[in-house]
Amino acid sequence: MPTLSMFFGIIIRMYYAPKEHNPPHIHVYYQDFKAVINISDCDLIEGKLPPKQIRLVSAWIEIHKDELMADWQLCQNGEKPFSIEPLK
């Protein structure tokens, strides 16, 4: 699972296996926390993150939603996604 971005101790990854389950989502890692977050609405699908990190990841998703959806399409075709700028 390639890393799309890293910022403030948060690691964002996306599987690139054909037919990865919908909805389009990212996997987020922060310290001992793991979460899956929906790209479309930033909802937490599963797992847990501290509130501050959820806000940071949600802001990052909003800024990079088009790039994330393009990466999701690449992943659906079994292609490696592109890296995305971190939150600064």
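The values are calculated or read from the model by the stated rules, or taken from the named source; none is laboratory data. As the structure is a prediction and not an experimental result, all values here were calculated from the model. Here the Cβ is made from the backbone with ideal geometry for all residues, glycine too, and neighbour counts use every protein chain on show.
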Odd one out for Y16 among (1) surrounded by fewer than 15 Cβ atoms within 10 Å (Cβ to Cβ); (2) over 16 Å from E85 (Cα atoms)
(1)
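The rows are residues; the columns are (1) surrounded by 12 or more Cβ atoms within 10 Å (Cβ to Cβ); (2) touching a Cys at 6+ places or on another chain (Cβ under 6 Å); (3) under 20 Å from Y16 (Cα atoms).
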residue	(1), (2), (3)
A35	yes, no, yes
I39	yes, no, yes
E46	no, no, yes
S58	yes, yes, no
D71	yes, no, yes
I84	yes, no, yes
Provide a single number: the residues in the stretch 45-64 that are under 18 Å from G9 (Cβ atoms) and either among the aliphatic types (A, V, I, L, M) or at pLDDT below 95 (or both).
6
